[in-house]
Amino acid sequence: MSTLASVRAAVGTVVDPELPTLTIEDLGILRDVAIVDGRVEVTITPTYLACPALATIADDIRAALAASGHPDALVRTRLSPPWTTGWITSAGHAKLAAAGIAPPPRSLPILNEDAVTCPQCGSTRTSELSRFGATACQALWRCDECREPFTHVKPH
Ligand SMILES: [Zn+2]
């Protein structure tokens, strides 16, 4: 089977190496999937220009497509318009919350960056512990109500 739908399904299984809870579709970085002259072409927009995860994501896309019968896929990068955290889908937000990660605000600009909601108890009495968490895209926060630390995906 070599329909666009099956190709899309294969690409849709690829997860973000930094936030493996999310597929690249959830994250909103998957811009386009096409079949041109029998060859699969995938276009992605990286979350950061120098995101080291980009090479991994491109490899994972090629591997997922090779496993579904498309060994010669081309992965393109599109930098404009730039990705923002506002591109994370509703499904992505739900998955982040379920994983105990505070999602970024739905829309930019951020009017009150301090209003980060605790994913455990929903309190907005939260404080930033560290500007940088596991990766540059994440920060470490703690809830002042339930005292639980949590990861916050920084808006940008
Ligand atoms: Zn809490």
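The values are calculated or read from the model by the stated rules, or taken from the named source; none is laboratory data. As the structure is a prediction and not an experimental result, all values here were calculated from the model. Neighbour counts run over all protein chains shown; Cβ positions are idealised from the backbone, glycine included. We work out accessible area using only protein heavy atoms, side chains counted, and drop any ligands, DNA or RNA first. Shrake-Rupley method; radii C 1.70, N 1.55, O 1.52, S 1.80 Å.
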On full extension of the chain, what length is gained from residue 132 through residue 148, given 0.36 nm per residue of separation minus the C-alpha to C-alpha distance?
4.0 nm
Work out, step by step, the length gained on full extension between residue 78 and residue 97: first 0.36 nm times the residue separation, then minus their alpha carbon distance; give nm to one decimal.
4.0 nm
Measure out, as a whole number of angstrom, how far apart the alpha-carbon centroids of segment 73-97 and segment 122-156 sit.
21
Report, for the chain, the % of DSSP beta bridges that are antiparallel, rounded to 5.
75
Considering only protein heavy atoms, what is the solvent-accessible area of residue 95 at a probe of 1.4 Å, reported in Å² to the nearest 10?
80
Under Stokes-Einstein, the chain at 10 °C and 1.306 mPa s, with its Kirkwood radius over C-alpha pairs, diffuses with a coefficient in µm²/s of 96
Need one value: the accessible area of residue 132 in square angstrom, 1.4 angstrom probe, rounded to the nearest 10.
130
Charges only on Cβ, +1 for Lys and Arg, -1 for Asp and Glu: so what's the dipole of the chain about the Cα centre, in debye to the nearest 20?
120
Could you give the Stokes-Einstein D for segment 4-77 in µm² per second, using the C-alpha Kirkwood radius, 10 °C, 1.306 mPa s?
132
Computed over the Cα atoms, what is the radius of gyration of segment 1-46 divided by 2.2 N^0.38 Å, N being its residue count?
1.17
Distance (nanometres) between label positions extended 7 Å along Cα→Cβ at residue 55 and residue 67:
2.2
